Amino acid sequence: MIDSMIIRKENPNDFEKIYELVKVAFQTANVSAGTEQELVNDLRNSDKYIPELALIAEEDGRLIGHIMLTKTHITREDEKYETLLLAPISVALEYRNKGIGSNLVKHSFTLAKSMGYTSVVLVGDPDYYNRFGFKKSSDFGIVYKGIPEEYVLACELTKNALIDIRGEIASVS
Ligand SMILES: CC(C)(COP(=O)(O)OP(=O)(O)OC[C@H]1O[C@@H](n2cnc3c(N)ncnc32)[C@H](O)[C@@H]1OP(=O)(O)O)[C@@H](O)C(=O)NCCC(=O)NCCS
């Protein structure tokens, strides 16, 4: 961990730097569409955006990490359950493996829980996300069309939040 790191809400002065950070970070991702920086802008400009849950990590005024949790839902027939999508998360190359990504995840989850959200879903590498309590969403009966099930993950922020939830995650785009 870096002692002088702070985590705070993003604001318009950060947007250009976030775009660059995300673009560069995903050049080294195991799987990347190459458009994650556009996804950030699209989500920010949509009704899915939650300003309190778009966070940056900063050291001495330098942007070193970013995370976004936005609104999504799981649907089954007429039922619609609100959940959060974690996407994307980025840490600057030279600051990797210092716990910044983990801090961003944990901090955002604490905030999300305090705002009344009960679960988070994402598409990502289980080897990274299992440590935060993510499981295969298919274990809960939750799927994301077109994505192999081992990469679609879900995490309960409150106990048994997903126990009765089945269905399909709404498309990101
Ligand atoms: C993924 C990412 C956000 C992690 O940030 P970080 O600050 O380096 O992460 P932390 O320091 O909290 O955790 C580091 C640990 O995660 C592991 N890890 C990092 N990325 C991983 C991945 N894609 N798959 C599996 N494990 C991963 C590291 O090996 C390290 O393991 P250890 O604790 O056993 O040593 C960062 O590597 C990044 O920006 N990657 C490019 C963008 C990306 O891939 N985003 C996630 C898409 S699923």
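The values are calculated or read from the model by the stated rules, or taken from the named source; none is laboratory data. Keep in mind it's a predicted model, so treat the numbers as computed, not measured. Methodologically, a virtual Cβ is constructed for each residue, glycine included, from the backbone with ideal geometry; neighbour enumeration extends over all protein chains shown.
Scanning segment 1-51 for residues being closer than 19 Å to Gly124 by Cα, in contact with a strand residue (DSSP E or B) (Cβ under 7 Å, 6 or more places away or on another chain) and β-branched (Val, Ile, Thr) gives a total of 2.
Among residues that are β-branched (Val, Ile, Thr), outside any strand (DSSP E or B) and in contact with a Gly (Cβ under 9 Å, 6 or more places away or on another chain), Val31 is included. Hey, any hits in segment 42-52 for a residue that's in a helix (DSSP H, G or I) and closer than 25 Å to Pro148 by Cβ? So far as segment 42-52 goes, yes, one or more of its residues are in a helix (DSSP H, G or I) and closer than 25 Å to Pro148 by Cβ. Say whether the condition of being within 16 Å of Glu10 (Cα to Cα) and at pLDDT 95 or above is met by at least one residue in segment 77-86. Within segment 77-86 (the criterion being within 16 Å of Glu10 (Cα to Cα) and at pLDDT 95 or above), the answer is yes, since at least one residue qualifies.
May I ask you to list the residues in segment 148-173 that are in a loop (DSSP other than H, G, I, E, B) and surrounded by fewer than 13 Cβ atoms within 10 Å (Cβ to Cβ)? Scanning segment 148-173 gives Pro148, Thr158, Lys159, Asn160, Ile163, Asp164, Ser171, Ser173. Checked against the criterion of being among the hydrophobic types (A, V, I, L, M, F, W, C), under 22 Å from Ala57 (Cα atoms) and in contact (Cβ under 8 Å) with a residue 12 or more places away in the chain, the candidates Ala112, Ala154 yield just one match: Ala112. Restricting attention to segment 3-18, the residues that are in contact (Cβ under 8 Å) with a residue 24 or more places away in the chain and either surrounded by fewer than 15 Cβ atoms within 10 Å (Cβ to Cβ) or assigned to a helix (DSSP H, G or I) (or both) total 8. When only residues in segment 87-119 that are away from the ligand (no atom under 13 Å from the Cβ) and either among the small types (Gly, Ala, Ser) or in a strand (DSSP E or B) (or both) count, which is nearest to Pro51 (Cα to Cα)? The residue in question is Ala112. Residues that are without any contact (Cβ under 8 Å) to a residue 60 or more places away in the chain, under 15 Å from the mean Cα position of the chain (by Cα) and farther than 23 Å from Pro148 by Cβ within segment 19-37 comprise just one, Gln37. Selection within segment 120-147: residues that are in a strand (DSSP E or B) and aliphatic (A, V, I, L, M). The member of this set that is surrounded by the fewest Cβ atoms within 10 Å (Cβ to Cβ) is Val143.
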